[in-house]
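Everything on this sheet refers to the single structure shown next.
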Amino acid sequence: MSDEIAISVEGLGKCYRIHHRANRPKTLAEAVHAVAASPFKYLADRIRKPDETELFWALKDVSFEVKRGEVIGIIGRNGAGKSTLLKILSKITDPTEGRATIRGRVNSLLEVGTGFHPELSGRENIYMNAAMHGMKRAEINAKLDEIVGFAEVEQFIDTPVKRYSSGMYTRLAFAVAAHLEPEIMIVDEVLAVGDAAFQKKCLGKMSDVSKAGQTVLFVSHNMAAIQTLCGSAIWLEKGHVVERGDCMHVVGQYLQRGNIGSMERTWEDANQAPGDSVVRLRHVSIAPANDDDPKHMTVRTPVALEFLFENYVSDTELNLSIVLYNIEGVCIFNTGSGARRAPKGMLKGRFVIPADFLNDAVYSVRVLIVKDSSVILLDIHDVVTFEIHDIERGGAWYGKWIGAIRPTFEWKFGPERELEAIGSCV
């Protein structure tokens, strides 16, 4: 392998065995009743219906190379295999087949506070983590103030980390990972738990790390962060590499023609639907509000978004919140139904984005369901996507209309004297 290659992945695969229990009594009372009712049938069922094992390939035949100093984003939907890949590269788990060769010291930040001991103070955890990465005490002393200052935990540096808030935990974990001068830095979607200022600070630090010639693998659902930080990207879907190349190109393809590029999604089986024992999302659809062709929505088309979700707990205060992003990952708007008492059963939400509001672009929808205005029950990115097309324009200019949105406002335009006369009459 060339000295320029920091990471080489060849035919990598990871297989898990999923055990499915046969239909059997779930409680002791049910088992006693089944045996008493028909002991021979109960024993026959146990013989005829053994537990089944299913093979699930989280990764399959994944191959790529990462050059030294390259910053590469790894994108894909939930369950695409991104975290499994990072765990293999971090040597947390072994592959089932293939191999991954890494040249250089690796520092991974896959979960908040990875490697921290809850009973030790922040200072003690810094020294312990640095020592585990082969740094001498003098090197740690030189970096200590910088790490503590970046994490903004000066006041609590000698407090056991088990008493830290999730934000403090995150800041210190990232600060330690970023300041130990790794040759290869692997970062999963952990920045999502921090506030906006901290995320910006982390992205700035990762940019500095990459400019210093260190290799960075970055997993995120934030396409703006991916495109800002990364020069290239890998798109994973169902454990396979769909595309690898220039970051802008791969992200564009991911949003436009990937599996997320559906304007309607339905989960017929409630057990497979996103959610939990409180709520589950069952249907999402996007269509023109004026019955136009759904495949060719323009900037003049009002767009209706509809949602069905099932509420399993009666009299629960729920808020359905929608966040719309463009292809660059920029948030266009966040709108919500408002917190209201929701009855048990199937519930529907609908709103319309007016015409002459969105610019021509590809958009993705994020759905959140929040309980009691504070508890997030469901948060699913890229649940559906849609494209808004441009329209014919008069004049000689047909370039890209600048801006994330494209509203049409009421304008007054003409000679100053006429406009002043209009204004005086209002």
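Details
- Residue within region 137-154 that is touching a strand residue (DSSP E or B) at 6+ places or on another chain (Cβ under 6 Å), at pLDDT 80 or above and of a type in the set (D, E, K, R) present: no
- Residue match in region 153-166 (condition: in a loop (DSSP other than H, G, I, E, B), in the same structural domain as residue 202 (by TED's automatic domain parsing), within 23 Å of the chain's Cα centre (by Cα) and under 24 Å from residue 211 (Cα atoms)): no
- Extreme residue, modelled with the highest pLDDT, among residues of region 372-422 that are of a type in the set (Ser, Thr, Tyr) and either in contact with a Pro (Cβ under 9 Å, 6 or more places away or on another chain) or within 30 Å of residue 312 (Cα to Cα) (or both): 385
- Failed item in (1) surrounded by fewer than 16 Cβ atoms within 10 Å (Cβ to Cβ); (2) more than 25 Å from residue 168 (Cα to Cα); (3) touching a helix residue (DSSP H, G or I) at 6+ places or on another chain (Cβ under 8 Å), with residue 131 passing the rest: (2)
The values are calculated or read from the model by the stated rules, or taken from the named source; none is laboratory data. In this text, all values refer to a predicted model and were calculated from it rather than measured experimentally. Every residue, glycine as well, gets a Cβ built from its backbone with ideal geometry; the counts of neighbours run over all protein chains shown.
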